[in-house]
Amino acid sequence: MEHSAIDEPVRRYFEHALGRKAEPGRRVRLGLRGRIKVGVWLRFDSVWEGDARSFSWRARAGPGPLRFLDVHDQFADGRGSMRVAMRGLKLVDAHDEDTARSGAGRAALEAVWTPGALLPERGVQWRAESESEIVATWDVPPERPEVHLGIGPKGELHFTRALRWRDRDTGYMPFGADVHDERDVGGVTIPTRLTAGWGHGTAAWSPFYEADVTGRERLG
């Protein structure tokens, strides 16, 4: 990355996240553990893979120690799907245009877990809105998300936010996550505890997802 070619706050974010790593990797696998609200809060254990243009999230969720729901949410190459089953009984099987467009937004928002995929030489355009807010834009067909990152004086991440497609009735809504903790995992500094939901940054903020990173593996 040519540091002189980007705004100082953007450079600060990358130097904090990647240091001087020559090859930080683009695709990663994470272990995630947390809670998701589907009427009530359910605990989950999951595996996430992503590279800023695609993702796969496989989770087992349920109350307390029970894990009776199997969830697979994914997006790649312009197609998205969401499948939920309970002890083999299919409850949700969505794979329409709304699912694809919403999935593209999720892939972009979760790119903070793989900052190496966000380098300018990988087709991402950056600008600084202020000393504490930077914006990344890139193609995730059928969408072109504009992801806002809130950063601190050392480049540490405070939040990620974007307008994300929800459905045909609602259209785009702010979606984002507050970052509560971060750490160096495999030589890359990433958020390791966050809370996400619709209406981020507005009075309609409605968090429904809390996650902790339990492990990280570089895939490519």
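The values are calculated or read from the model by the stated rules, or taken from the named source; none is laboratory data. This structure is a prediction, so every number in the text was calculated from the model and none was measured. Don't worry about glycine lacking a Cβ; one is built from the backbone with ideal geometry, like all the others, and counts go over all protein chains shown. These area figures cover heavy atoms from the full protein model, side chains too; ligands, DNA and RNA do not enter into them. Shrake-Rupley method; radii C 1.70, N 1.55, O 1.52, S 1.80 Å.
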Positive-end extreme of charge dipole, the chain - chosen from 145, 174, 84 (charges on Cβ): 84
Given charges at beta-carbon only (K, R positive; D, E negative), |dipole| of the stretch 133-192 in Debye: 100 debye
Accessible area of the chain belonging to carbon and sulfur atoms, whole % at 1.4 Å probe: 49 percent
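Taking R0 as 25 Å, what's the FRET efficiency between residue 56 and residue 132 from their Cβ-Cβ distance, rounded to 0.05? Don't skip to the end; give the middle numbers.
Numbers: r = 32 Å, r/R0 = 1.28.
Efficiency, from the Cβ-Cβ distance: 0.20.
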The stretch 103-109 - phi-based ³J(HN,Hα) in whole Hz, Karplus 6.51/-1.76/1.60, Gly and Pro as x: x, 4, x, 5, 4, 5, 5
Pairwise centroid distance, computed over Cα atoms, of the stretch 160-216 with the stretch 54-115, Å: 15 Å
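Determine the sum of side-chain charges near residue 202: Lys and Arg each +1, Asp and Glu each -1, restricted to other residues whose C-beta is under 14 angstrom from that of residue 202.
Numbers: positive: 161, 164, 166; negative: 178.
Charge balance in the 14 Å sphere: +2.
Per residue, how large is the accessible surface of the stretch 90-168? Use a 1.4 angstrom probe and give square angstrom. Numbers along the way, then the final one.
Values: 3390 Å² over 79 residues.
It amounts to 43 Å² per residue over the stretch 90-168.
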Structure-derived Cα Rg over 2.2 N^0.38 Å: which label, when the choices are (i) 1.06; (ii) 0.99; (iii) 1.18: (ii)
